[in-house]
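Some notes on the structure that comes next.
Readers should treat all values here as calculations from the given coordinates under stated rules, not as data from a laboratory. A quick note: this is a predicted structure, and the numbers were derived from the prediction, not measured.
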Amino acid sequence: RLGGVMRAHLDAAAGRSWSLGAPRPGVSGGAVAYAAETLTVPADFAWAPWCADLPRAGSIVEGGQPLCSVTAWGGDEEEARRRLSRRIERIVADCARRTCHTE
């Protein structure tokens, strides 16, 4: 599930037409969400559309290791940071609830 800058980069590198789309008003940002504990990613996990750089189903993500990238936007920097923080908390919690925990 690639989009945004990464999709444009891959398309350009392959000589294909690329676009970043229409600019969104406000401020956008991104960060990495880290696993709170060691877990196995289930095949049927429903990743949010604002997640990228996803681990493969069945892979083990150690606690403290990167889980995925998260993006958010807002009308100003403060709003974008709040949304980004909430999204990171949400995806880490959702993943912890839905995964197979390993020892």
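In deg cm²/dmol and to the nearest 500, what is the mean residue ellipticity at 222 nm of the chain if only DSSP H runs of at least 4 residues count, each as -39500 (n - 2.57), divided by the residue total?
-10500 deg cm²/dmol
Can you give the angle from 0 to 90° between the axis of helix 4-13 and the longest principal axis of the chain, with both taken from C-alpha atoms, to the nearest 10?
Compared with the principal axis, the helix lies near 70 degrees.
If you line up the long axis of helix 77-98 against the longest principal axis of the chain, both from Cα atoms, how many degrees apart are they, to the nearest 10?
30
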